[in-house]
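Step one of this worksheet: look at the structure below.
The values are calculated or read from the model by the stated rules, or taken from the named source; none is laboratory data. A quick note: this is a predicted structure, and the numbers were derived from the prediction, not measured. Cβ sites come from the backbone with ideal geometry, for glycine too, and all protein chains shown count toward neighbours. Side chains are part of the model used for accessible areas, which takes the heavy atoms of the whole protein and leaves out ligands, DNA and RNA. Shrake-Rupley method; radii C 1.70, N 1.55, O 1.52, S 1.80 Å.
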Amino acid sequence: MIILIFFILHWYLSLFVQTFFLHRYAAHSMFTMSKTSERFFYIFTFICQGSSYLSPRAYGILHRMHHAHVDTDQDPHSPKYDKNIMAMMMRTYHIFRGIFKKNTDIEPKFEKGVPDWVAFDKIASSAGARVFWIVFYIAFYYFFATHWLMYLLIPIHIGMGPIHGVIINWFAHKVGYSNFEMENTSTNLMAWDIFMMGEGLHNNHHRNASKANFGYKKYEFDPTYPIILLLNKLNIIQLRKS
């Protein structure tokens with residue numbers, strides 16, 4: 001039971017920081033926040049994503065490139081140009097690393113306004129930090145796992161961030177339904193997106209990339225949006241008009 005709770009917590013906390021902080025804030029600036037709040041969410045992202053921590057700056061730039069070049073050969077993660085999921089993940093990884101290391105030429109429009117905390121990113125993305133989290137996951141399972149099969153979940157913990165990304169970047173361009181006809185292959189994976197916290201409403205998001213609520217139809221539910229409304233009401237963030 002402890003392992004199950006730990007896995008579910010890690011899945012949803014990692015997913016929350018990815019959709020809330022990396023995607024909706026860093027990439028799309030759907031809301032603003034103070035520098036103090038921004039740095040809090042940097043640290044919170046590191047804690048929640050652990051060994052799979054993704055730099056908000058690099059993620060923001062990469063995702064903006066995706067929207068600008070969706071389903072073309074310049075898209076950093078389009079299923080149209082990769083034979084399988086692993087091939088797409090590896091291509092995305094190399095592009096991401098190039099952005100992170102700042103040895104890739106980036107158009108100024110993709111960098112404008114993205115959060116950038118160089119010192120923290122360097123620590124959180126270091127090999128030492130990633131090894132620390134991997135050791136932590138293994139130790140946790142050593143003390144609390146009740147069956148050897150539970151250890152098979154450890155690789156998911158280790159690659160949690162990229163796994164969440166590839167689910168959307170692959171399947172939400174392969175299967176599902178569309179509310180809007182567009183010049184790309186984006187789809188919605190499910191109307192009540194309780195497993196991907198709204199990210200699965202991908203066709204809706206491509207229809208209006210600045211809209212904080214990924215749900216469009218009355219029957220569609222984006223679980224992250226009520227949290228955004230609460231944080232806005234508490235004045236932790238300030239929603240922009242979409």
(request) Kindly indicate which of Lys211, Lys218, Lys241, Lys233 is within 18 Å of the chain's Cα centre (by Cα) and among the basic types (Lys, Arg). (result) Lys211
(request) Note down all Cβ pairs under 9 Å where the first residue falls in segment 66-91 and is touching a residue at least 60 places away in the same chain (Cβ under 8 Å), the second is of a type in the set (Lys, Arg) and assigned to a loop (DSSP other than H, G, I, E, B), and they're at least six residues apart or on different chains. (result) Pro79/Lys174
(request) Exactly one condition in (1) crowded, with 17+ Cβ neighbours inside 10 Å; (2) more than 15 Å from the chain's Cα centre (by Cα) is not met by Glu199; state its number. (result) (2)
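Can you say whether Asp82 is within 16 Å of Ile106 (Cα to Cα), of a type in the set (Asp, Glu) and more than 11 Å from the chain's Cα centre (by Cα), as far as the supplied structure shows?
Working: within 16 Å of Ile106 (Cα to Cα): no; of a type in the set (Asp, Glu): yes; more than 11 Å from the chain's Cα centre (by Cα): yes.
No.
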(request) List every residue pair whose Cβ atoms lie under 6 Å apart, where the two residues are 6 or more positions apart in sequence or sit on different chains, the first residue falls within segment 25-53 and is without any contact (Cβ under 8 Å) to a residue 40 or more places away in the chain, and the second residue, located anywhere, is open to solvent by 10 Å² or more (accessible area, probe 1.4 Å) and assigned to a loop (DSSP other than H, G, I, E, B). (result) none
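Every residue, every condition in (1) free of Cβ contacts under 8 Å to residues at least 40 places away in the same chain; (2) more than 25 Å from Phe96 (Cβ to Cβ), yes or no:
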{"site": "Pro162", "(1), (2)": "no, no"}
{"site": "Ser186", "(1), (2)": "no, no"}
{"site": "Ala191", "(1), (2)": "yes, yes"}
{"site": "Asn203", "(1), (2)": "yes, no"}
(message) Being in a loop (DSSP other than H, G, I, E, B) and either out of contact with any helix residue (DSSP H, G or I) (no Cβ under 9 Å at 6 or more places or on another chain) or exposed (fewer than 13 other Cβ atoms within 10 Å of the Cβ) (or both) is the requirement here; does Thr185 meet it?
(response) no
(request) All but one of (1) over 19 Å from the mean Cα position of the chain (by Cα); (2) modelled with pLDDT of 95 or more hold for Tyr225, so report the exception by its number. (result) (1)
(request) Looking at (1) out of contact with any strand residue (DSSP E or B) (no Cβ under 6 Å at 6 or more places or on another chain); (2) of a type in the set (A, V, I, L, M); (3) under 20 Å from Arg24 (Cα atoms), find the lone condition where Val175 falls short. (result) (3)
(message) Quick test of your reading of the structure: Gly113 fulfils all but one of (1) open to solvent by 30 Å² or more (accessible area, probe 1.4 Å); (2) in contact with a Ser or Thr (Cβ under 7 Å, 6 or more places away or on another chain); (3) under 26 Å from Pro155 (Cβ atoms). Name the failing condition by number.
(response) (3)
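Results for (1) open to solvent by less than 40 Å² (accessible area, probe 1.4 Å); (2) of a type in the set (Lys, Arg); (3) without any contact (Cβ under 8 Å) to a residue 40 or more places away in the chain; (4) assigned to a loop (DSSP other than H, G, I, E, B), shown as yes or no for each residue.
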position	(1), (2), (3), (4)
Lys102	no, yes, yes, yes
Asp105	no, no, yes, yes
Ala119	no, no, yes, no
Ala129	yes, no, no, no
Tyr137	yes, no, no, no
Leu149	no, no, yes, no
Leu152	no, no, yes, no
Val166	yes, no, no, no
Lys174	no, yes, no, yes
